[in-house]
Amino acid sequence: MVGMVVVFGVVGCAAFQPPELAPPGTSVGDSNEGWLEAGVLVPDRGDGFRAYRERERRYGSRRLTEVLEETAGWLQERWDGATLWIGDLSARSGGAVAGHHSHRAGRDVDLLFFTTSADGSAGRRARFMRFGEDGLAVGVAGPVSLDLERNWALVAHLLEEYPQDVQWIFVSHGVKAALLTYALESGASLDTVERAVSVLHQPSDSAPHDDHFHVRLYCSADDLPYGCADRPPIWPWVRRGFDRLEHAPTDDAVLLELALGEM
C-alpha cells in the first residue's frame, strides 16, 4: 500500500501557535479558524484511492489521512477496482484555502460520489456532477446515476468504524434522501441509519454539496492537548474520557489554556 507522506512545513498565522513539541499532522483550532502543524500529504494515488486536486491542497491531520487510507482499502477489497477519488483537504500549514470557508485545520476532505453509467459500469473518471433526489446526474449527456450501493457503503463504513471521529458528512438534501431510502430498502442497520440522519447534512452557508461529499472529523484525542477545538454539535454516541464540549471554541478560556498553557 502506498503510505501517506509526512511533510514538514512552516505553520501559518493564527491567534496563537501550538507548543513546539506538537507532532507532525497535528490539527489546531477549529475547521473554520485553525491550521495544521506539518500536515500529512495525501499522495497522488494509493490502494483504492486517487487524488484529483493539486498537491498543495492535499494535506491533512494524521487521523484524517489514516481514516482515508483505511476506508479506501476497505472499499477496494469489497469491490475489485473501486477507486475513492479524494479532493481538497487543507494547505500544508492549514489556514485559508481558496473556494472554502473551512478546510483550514486538516480535518475536512472532499470525496467524489461513486457513479454508474447507462450500461451499469462503474464510473472511472473524476468528475463533479450534480445529482438530484432521483439519483440521476443533472445536465449530463447520457444517463449517469449515483452508485447508491457504494456511496451508502462509504457512509456506513465511516459511521460504523469511526463513530468517535466523524462529525459531519455534508451532502445535499436530495442525495441524502436517495441514500437513506436505499439504506432502508436494503436492510441496513437501523442504528447506522439513525446516525446518518444526523450526520448527513446540507450546509446552510455554502453550496448544497450535490456533487460531492464533504467529510469533517472531530479533533482526535492526540490533537486536543495542542489546541484543537471542536464546534458543536457533539453527537450523543461520541464518548471518550475527554469532555469535548469543555473544549469547544465557545469556551475561550479553556481553548487558550490548551494552546498556551497555564498563564
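Just so it is clear, none of the values below were taken in a lab; they were calculated from the coordinates. What you see is a predicted model; the values in this text were computed from it and never measured. Quick reminder, even Gly has a Cβ in these numbers, built from the backbone with ideal geometry, and neighbours come from all protein chains shown.
The modelled label-to-label distance for the pair LEU136/ALA207, using points 7 Å beyond Cα in the direction of Cβ, is 2.3 nm. For region 155-218, the list of trypsin sites (Lys or Arg not before Pro) that fall in a loop by DSSP and count at most 16 other C-beta atoms within 10 angstrom is empty. Of the chymotrypsin sites (Phe, Trp or Tyr not before Pro) in region 201-240, the ones in a loop by DSSP (not H, G, I, E or B) with at most 13 other beta carbons within 10 Å are TRP237.
Can you give the net charge of the other residues whose Cβ lies under 10 Å from the Cβ of HIS173, counting K and R as +1 and D and E as -1? Around HIS173, the charge tally is -1. Placing a pseudo-label 7 Å from each Cα along the Cα-to-Cβ vector at ALA177 and LEU190 gives an inter-label distance of 2.4 nm. Extending 7 Å from the Cα toward the beta-carbon at both ARG45 and HIS101 defines two label points whose distance is 3.6 nm.
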